[in-house]
Amino acid sequence: MKEMKELSFYEALSFGTTRIVCSLKDGGTSTGTGFFVYLNKIENKEEEPRPVLITNKHVIKGAERGYLTLSTMKDNKIAGTEKIEIPFSNFESFWIPHPDDSIDLCILNFITIEGRIKSSLNLDLFYLPLAIEMIPSITTMVTFDTMEEVVMIGYPNGIWDSHNNKPIFRKGVTATDIRLDYEQRPEFLIDMAVFGGSSGSPILYAKDKLTPYMGAVANHRKLYLLGILYAGFQHTASGDVKIIEIPQIQKTIIETSIPNNLGIAIKSEKLIDFRRMYFND
């Protein structure tokens, strides 16, 4: 068991996502990725903490039941491999869609869920949300280049380390300039292998900065939340190119589709719209 202060940089990020499993109305099963964000501003002590779970609307569409798996705490320490599967009935109804119908995002108000788990099972959940301040400001955006290295955290094809409740980390680069709106939409492309189950994955940029410290040099990382994966390009055996939403649905495939390792991400700035739903700014 570890205390939170003992976690390394990327180890801490591994506690920011959860694997979403949906039982669909048509009898199928799908998996996707959710990640946690605090919509309240950390420096504003007057704002009520508002942890929410983020994913794509198409991930939970038509879900009669759903399951989230989270790690737990014991004696104020992360309880090793101990975890809990949280079941939901009428799963789709728990999610609040983005106010713009064209934006494939939704949120689940997690503070309510956490309170129910605590009161009914006397369990403390352990998860580490990203902060709303990690969304790059206009001033920060101009410092990025046309191509930047990025990390994506999620559950491609539903794959995970089930014993340790850990997601899969992948690394790639931005394929279009994140300072621009791809095809006039608040989106950008990433050059990375994207598969079913990755929908809802956060796309992150960790910027290293060397600064003088006590006569030596210290390495500081600044973390930015750039976007949320929701779709990818695939070409068929006949040569057609299609944009495919990518939850992992377990069903018979009739048409052969080949991913071309290009993913489409919604810019993280669209999460600010959810903040405005709870806070007046």
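Listed values, structure above:
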| read-out | value |
| --- | --- |
| Listed residues 39, 54, 7: farthest to the positive end of the dipole of the range 1-71 (Cβ charges) | 54 |
| Label corresponding to Cα extents along the principal axes in Å when calculated from the structure given, among [x] 64, 45, 36; [y] 56, 45, 37; [z] 62, 48, 39 | [z] |
| Candidate residues 5, 267: accessible-area rank, largest first, probe 1.4 Å | 5, 267 |
| Area accessible to solvent at residue 139, 1.4 Å probe radius, in Å² | 110 Å² |
| Largest to smallest accessible area among 170, 50, 275, 65 [probe 1.4 Å] | 65, 170, 50, 275 |
| When each of 222/267; 2/25; 83/207 is checked by Cα-Cα distance, pairs over 29 Å | 2/25; 83/207 |
| Among the listed pairs 118/270; 5/41; 41/61; 171/270, those beyond 28 Å (Cα-Cα) | 118/270; 41/61 |
| Surface accessible to a 1.4 Å probe, residue 152 within the full protein complex, Å² | 0 Å² |
| The chain, accessible area per residue, ligands and nucleic acids excluded (1.4 Å, Å²) | 51 Å² |
| The chain: relative contact order as a whole-number percent, Cα under 8 Å and 6+ apart | 19 percent |
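The values are calculated or read from the model by the stated rules, or taken from the named source; none is laboratory data. Here the structure is a predicted model, which means the values were calculated and not measured. Note: ideal-geometry Cβ built from the backbone for every residue, glycine included; neighbour counts use all protein chains shown. Note: areas computed on protein heavy atoms with side chains; ligands, DNA, RNA excluded. Shrake-Rupley method; radii C 1.70, N 1.55, O 1.52, S 1.80 Å.
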